[in-house]
Every structure is written in C-alpha cells, then in structure tokens.
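Scroll down for the structure; my scribbles are underneath it.
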Amino acid sequence: MFSKALFKQSCKANGLMWGIITFAVCFMLACVMLISGTGNISAVKDSVEDTIIVETIDSELEKNAINYYDVATTAEEKFDEYFVSEFKASFLAEFKKSGNAVEAYKTTAQTNIATVYQAAIADLNSYILEVAKARGFEENSSAHQELLGVALFTINPNGQANDQFEAFEPGSKTDAYDVTSLVQNINVADLTAWALGNEGTNINEYLVSDTRNEYRNDRGAYAVPILIGGNMTKPEVKASMLQNLKEYGVTEEKYDTFDYSYTRVKHLSKTALVSYQARLEYELSLLDKTSDNYNELVLAKKKELNQDIAGSLLDLLPTDVSDAIKEIGQMDLYSLIVGSIIFKIAGLLLPIIYMIMVSNNLIVGQVDSGSMAYVLSTSTKRDQVTFTQACYLILSLFLMFVCTTITSIVCLAIVNISSTNLTAGKLILINLGAFLVLFAMSGINFLTSCIFDRSKKSMAIGGGLSMFFLVATMLGLFGSKVIPSVVRIKALNNFNYVTIISFFDAVSIIEGTNTFIWKFVILLVIGIVGYIIGALRFKKKDLPL
C-alpha cells in the first residue's frame, strides 16, 4: 500500500516549499505573539478594566453618600418632630399637675429635658426599625444597623459618636445636636394651643423653616462624608473590596493605586453632596407644594438626581456603549489575537496555499503532465499512489503544525502574561484545531485532485472552496461574539455558517468548555471522507493518454 520511492519523490518535489512556508508561518506567529504579548495590548486592556472598576466604585461611593445624606437628614427631621412631641407630652403632664403653663414649660425645659431627649432618641430608633422592615430587612440585620448608625452618627446624641469622629478624623467631632432652638421657638401661643388640645403654630412653622432645614442639611453634609471616608478605609471593608474585585485580577497593591484613602473618599462624598444639595434645592423649587402627590414627586426627583449625579461614566453612556466598554475591559485580548486571528485566519493562509498546491501536484498535476502514466507503468498500483500521496500530504501538514505548536508554546513562556486564559495545553488544542481544518480542506482538495484530469479544474474547485472558506471566516470574524459589540457587525456573522473553519472553535478551547470536541470530530470526518472517496474515484477512473 505504501511506496517509499513515491514518498521520497514527493518529499523532494515539495520539501523546499514546505520548509519555506513552515518557517514563514512560525516566524509570523512568533512575531505576533511576542509583540502583542510584550507590547501595550495588556496595558490597554488593564487600563480600560481599571477605569471601569474605579468609575464603578466611585459611583457607588457617591450613591452611598447621597443615600446616607437622605437617611441622615430624614432622621434629623424625625428627631425634631419626636423631640417636640415628647416635649409636648411632658409639658402637658406637668401642666396637669400645676395648672400653670409657664411653670410647666420651665419644669419641662429645665428638669425633664434629658428625659424628653432620650424619649425622642427611642422614638427615632423605632422609626429606623420601621424603615428597615419596610425595605425588607430584619431587626438587628446589617442593613438595619447601617441605617441606625448613619442616623445616630449624624445626631450624635450626648456625644456618643465623638470617639468615632476622632478615630476617623482627629478634631472632627461635632457639637451636640441643637435642641435648644427647638425649646426656644416654643412660645406662649404654642403652650396655650397645647393646653387646649391643639397644635402649636410657631414651633411647627420653625420645624419646616429654611433656617432649620439649612441646619439639618449642613449637619448631614458634614457628618456623612466623614462616616463614609472612615468606613471605607477600615481594614475589614478593604478586605471585602479586594475579595469582590479578585475576579478582575485586582491585588492589594493594585487596589492601593486607586487611592481610596480617607481624604479622597471624603472628597468624593462631599462633592457629590454639594452637587446634590444645589440641584435638589432648585428642582424642588419648581414643584407645586400644594399638589396632592407632592411627596411622591420629591422622592422621584431625589432618585433621579441620585442617578444623575452619582452615576458612573458607564451609567451615563447609552446601554449598548456601556456594555461594550465593560466587554472590552473584561475581554482576554491576547487570547483573541492568538486564537481567533492568528490561528483561524492569518496563520491558515500560507498553509492553505501550500495544501492547495501540493494536493494538486500529487495527483492531478502528474495526470495532467503525463507523468502519472509513467508511475503506473511500473509495479506501483493506484492504491499505492493515492495512499502514499495522502500520507505525504497529511504528514507534511501535521509536521508543519508540530512546528507551530512548539513555536507558540515557547513564545507564550517568554511573554508570560498573567492576565490571559491561554495556557500551553490550550495552545496544543488550538494547533490541533488548525491542523484539523487543514486536514479537512486537504481531503476536499485531494478529492478534486483525484476526480479531475486537469490541474486548473481541480485547483479552481478545491482551491476555490478553500479560499472561500478563509475569506468567509475573515468576514464572519467581524460578526462573531469574539469581537467587541461596539464594532461588531452582526450581519457578517452569517458568513460563519458557510465555512468549515467555523468548526475550529478556539473560543471554546480558551474558555475551557468541551464544545470544540464534536466540531473537531466533524472536521476529522470531512477529511477522512474526502481522502477515501478520492482514492476510490482515482482507482476507477480512466486516465487520459
């Protein structure tokens, strides 16, 4: 079945071309892998990814600052209401004893004020628990404690948060929350109204006055950035952030370069609150306060401003563009270049040319030139011719990809890129896939070489199909999922359905899935069928004289 003489003849006739093309492919492969691996490909990818990470963290910090600010100012408003309500209850109890409104007021303001204060704090705790439960959080859960912590840190009852203020920023502790103004704005008219079972006009007007609102807003805007800055720089919070960012390859050293220091975090929070306060004041001034759904409009406006001011760059971009940028940041560009561009397109071009020329030279070229008649005039049988020539073609292609396998593994070891999923084992599978593509195409070209008597017909059909497959793959690449969606042309993906090179699933290999296996089997079957049918056809055909 095998003819050594014919095999040697094929080696001598095509060996130089094999050597030149193999060297050219390996040289091109080495240049691309080394240049892209040691160039700025990884730097660009890391830069995009880092930008996405920083933008996202900054956005979350600013959103938390605004959310904390809303919690803090709402807690202050509620505390003021609770304080006045508890003061009123204490006043009425004393008034019932003495019957003298002035004396009852003095007793409450001087003797009972601490009790009133503590009762208001207890009321505030109950309110915070109601808010937490309304949001789906259990009592004493981390979310409940977070809401309560923001409220108490801002009000700082009896200086309980002073140590925390000093730990976060020395010299930052605040004065006691101002209840003196509340007591002072309760006048005789209010006391009389209370005694008669009515609401106090003056104190109620003061609670919603611009003066009191400004005080609460300023206190919240002062406390919240300190709280966020202090919490963000806690070791346990930093450890949690590193754990969440681990999948993006963010190490502690890299995280430190993002500069989430107390000063920067506080500055981010403060600037977000300044913008939020100014915008909110303006937007609320445009609303109709007499509207029945005024409160709902206020909440909607706050939510809108939160997204507007604290939104990251990606949040502000159109969804498609935002997703594309995230996609680029998370994409393994090196694997894309090696697996989907070099081996599926550029790396196949020269081997395909070699395969087309050799497969035609081995059978139809000799038939066309008349030398096949001379070969068959000897003891060499047709079965020997097809089997030997097929062995040479397959072996030469296999050895070519053995060389590219060695070259690619050496280059990968030299560049040593930590941010790629590409490994030596995956490179071997990728080279195997490229070989199977050539094996399948060579089976087609061997078939046409055995069918036709003229080289031009064989090369036109077999070679034409092979080049069509390659061109279709080039066009299909720009529509495939390996290309970032921002530059992807989906319509071009249709070309991937008309080329057998699409069975070379480099993405599956790189991602570590098993999808590529059945596709490799199809390529193997195509090649085997081509060689078998070609050999059978050549055995039965009439050769021209």
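Here, each number is a calculation from the coordinates, and none is a lab measurement. Owing to the predicted nature of the structure, the values given are computational and were not obtained by experimental measurement. Don't worry about glycine lacking a Cβ; one is built from the backbone with ideal geometry, like all the others, and counts go over all protein chains shown.
Under 17 Å from a point placed 7 Å out from the Cα of LYS254 along the Cα-to-Cβ direction: which residues of region 417-458 have their backbone N that close?
The answer is 417-422.
Efficiency by 1/(1 + (r/R0)^6): what FRET value for ALA13 and ASN421, r their Cβ-Cβ distance, R0 = 41 Å, to the nearest 0.05?
Given R0 = 41 Å and the Cβ-Cβ separation, E is 0.45.
State the extension gain, in nm to one decimal, for the chain segment bounded by GLU511 and ALA93, taking 0.36 nm per residue of separation less the distance between their alpha-carbons.
Computed gain between GLU511 and ALA93 is 143.0 nm.
Just subtract the alpha-carbon distance of CYS403 and LYS246 from 0.36 nm times their residue separation and send over the number in nm, one decimal.
Result: 52.8 nm gained on full extension.
How far apart, in nm, are the 7 Å Cα→Cβ label points at ALA491 and ALA114?
8.2
Grab the beta carbon distance between ILE532 and ILE414, set R0 = 41 Å, and tell me the FRET efficiency rounded to 0.05.
0.45
Kindly flag which residue pairs out of LYS96/LYS133; LYS238/LYS426; LYS344/LYS381; LYS254/LYS481; LYS4/LYS539; LYS133/LYS266 have an alpha-carbon separation exceeding 27 Å in this structure.
LYS96/LYS133; LYS238/LYS426; LYS344/LYS381; LYS254/LYS481; LYS133/LYS266
Simple spin-label model, 7 Å along Cα-to-Cβ: ARG264 to LEU196 in nm?
Calculated label separation equals 6.2 nm.
Does region 377-501 classify as rounded, prolate or oblate by the C-alpha gyration tensor (a ≥ b ≥ c root eigenvalues; a/c under 1.5 gives rounded; else a/b over b/c gives prolate, otherwise oblate)?
oblate
Run the helix sum for the chain: -39,500 (n - 2.57) per DSSP H stretch of 4+ residues, divided by residue count, reported at 222 nm to the nearest 500 deg cm²/dmol.
-24000 deg cm²/dmol
Please identify the longest segment of the chain free of exposed GluC sites (Glu not before Pro), where exposed means a DSSP state other than H, G, I, E or B and no more than 13 other Cβ atoms within 10 Å.
Maximal segment without exposed cleavage sites: 200-545.
May I ask you to derive the relative contact order of the chain, considering only C-alpha pairs under 8 Å and at least 6 residues apart, and to give it as an integer percent?
20
For ALA176 paired with ALA30, estimate the spin-label separation in nm (one decimal), with each label point 7 Å from Cα along the Cα-to-Cβ line.
Here the modelled spin labels are 8.2 nm apart.
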